[in-house]
Every structure is written in structure tokens, then in C-alpha cells.
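Notes for the one structure printed next.
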């Protein structure tokens, strides 16, 4: 079962997906032709009827001239109660050193 937080964040991603297409000056039909997919594919992706995987996102980004980070904007990935130390790999415990 999806949490309301997940749904809210995914809705933010879907809005960025649609906005990227609009900013690129493309219609759903034009996008679908560039992807070699039916127009319904683009529509279903934009409204959340079809999940967008990472490889598909790369294709949308390429067509729209956007970076992957563009789609992350407005979608909180790390909340206040989560901390990630980017200097240390996740599999190295505190006090241990890399060999």
C-alpha cells in the first residue's frame, strides 16, 4: 500500500514530467512520435496510470533537453529526519576505514 507521502511526491514528479514537455514546446503526440510509442503512452505516464522507470525517464529527459535533476525539483527526496553522509559509502560503518 502506498503512503500519502509517496503519492504526493510522485504527483510532484508527474507534474515536472508534464511541465518539461510543455517547456520543450512539444505536444503529447509529438513526444510519442519521438519515442516511437502511441500517444496514449505519454498521456498515461503523465497522469500516473503508467509508472515511469529510470530508463524511460532518461528518454523523456533527452527529448525534452532536461537533466535528471530537473525532475527531482519539487519532490523532497530527503526529509528532515533522514541524514545521508555523502563522504562515506553506505556499507562502511562508523569507525571502520576503507581498505
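At a glance:
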| read-out | value |
| --- | --- |
| Relative contact order (%) - region 26-73, alpha-carbon pairs under 8 angstrom, separation at least six | 24 percent |
| Burial ordering of 34, 17, fewest other beta-carbon atoms within 10 Å first | 34, 17 |
| Ranked list, fewest to most other Cβ atoms within 10 Å of each Cβ, for 44, 66 | 44, 66 |
| Cα-based shape type of region 26-73, given that a ≥ b ≥ c are square roots of the gyration tensor eigenvalues and the cut on a/c is 1.5 | oblate |
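Just so you know, all these numbers are worked out from the coordinates, no wet-lab data involved. A quick note: this is a predicted structure, and the numbers were derived from the prediction, not measured. Ideal geometry is used to build each Cβ from the backbone, glycine not excepted, and the neighbour counts take in all protein chains shown.
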